[in-house]
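Student: This structure is in structure tokens; I'll ask about it shortly.
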Amino acid sequence: MNNHNMDGMTNMTPPTGTTMQQHHHTMMHMTFFWGRNGEILFPGWPGTNKGMYALVLIFVFFLSFIVEFLSHVKFDGKKGSGPVIEGLVRTLVHGLRVGLAYMIMLAVMSFNGGVFLVAVAGHALGFFVFGTSVFRKEQPVDDKQSDLSPMICAA
């Protein structure tokens, strides 16, 4: 007996008696929860290991901090570089910033309270360091604080 149906399409159901890999279904939280048991960004990460959960928190904090750095740094082109090269560098940095911001968003969508708190803390500390004048030696000459558009969420 062949595995084709009347339309000539291959029958996708496995024959009886074959072994299939069982899929592990995890429940996705739809409200905030506290604890280290969950999946954040990658399947099986962090698992139930306390050290891996701490690594996830550090990773998300670092990503948030880097997004703020990329949002507030002024990229001056090298002397002699043309507008095309400068535009390409700004575009690459913008793409990196947006990609990292989406990773943070996906991590927060795990609804893990700890991940949410470290994401906010990373953004807040990054803004304090890079977005305020506390650590700046020079004040910007113009009103423009950054070469990149700010990360604005419209309601």
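The values are calculated or read from the model by the stated rules, or taken from the named source; none is laboratory data. Keep in mind that this is a model prediction, so the values were computed, not measured. In this analysis, Cβ positions are derived from the backbone assuming ideal geometry, glycine residues included, and neighbour counts consider all displayed protein chains. Surface areas here come from the heavy atoms of the whole protein model, side chains and all, with no ligands, DNA or RNA. Shrake-Rupley method; radii C 1.70, N 1.55, O 1.52, S 1.80 Å.
Student: Which pairs turn up if I take residues in segment 62-85 that are surrounded by 17 or more Cβ atoms within 10 Å (Cβ to Cβ) and look for partners that are among the β-branched types (Val, Ile, Thr) and at pLDDT 85 or above with beta carbon separation below 7 Å, at least 6 apart in sequence or on another chain?
Tutor: Leu63/Ile104; Ser64/Ile104; Val67/Ile104; Leu70/Val93
Student: Could you say which residue among Val56, Val67, Val84 is over 30 Å from Phe128 (Cα atoms), modelled with pLDDT of 85 or more and either more than 20 Å from the chain's Cα centre (by Cα) or of a type outside the set (Phe, Trp, Tyr) (or both)?
Tutor: Val84
Student: How many residues are within 17 Å of Ala121 (Cβ to Cβ) and in a loop (DSSP other than H, G, I, E, B) when one looks only at segment 36-88?
Tutor: Of the residues in that region, 1 qualify.
Student: Test Arg97 against the criterion of being under 17 Å from Leu63 (Cβ atoms), in a helix (DSSP H, G or I), under 20 Å from the mean Cα position of the chain (by Cα) and basic (Lys, Arg), and give yes or no.
Tutor: Criteria met by Arg97.
Student: Out of Thr132, Thr91, which single residue is assigned to a helix (DSSP H, G or I), among the hydroxyl-bearing types (Ser, Thr, Tyr) and without any contact (Cβ under 8 Å) to a residue 12 or more places away in the chain?
Tutor: One residue alone meets the criteria, Thr91.
Student: While we're here: Do the conditions hold for Trp34, that is, is it touching a residue at least 24 places away in the same chain (Cβ under 8 Å) and either under 18 Å from Ala107 (Cβ atoms) or open to solvent by less than 50 Å² (accessible area, probe 1.4 Å) (or both)?
Tutor: Judged against the criteria, Trp34 is a match.
Student: Specify the residue that is farthest from Leu57 (Cα to Cα); the eligible residues are those in segment 101-117 that are in a helix (DSSP H, G or I) and open to solvent by 30 Å² or more (accessible area, probe 1.4 Å).
Tutor: Only one residue tops the list, namely Tyr102.
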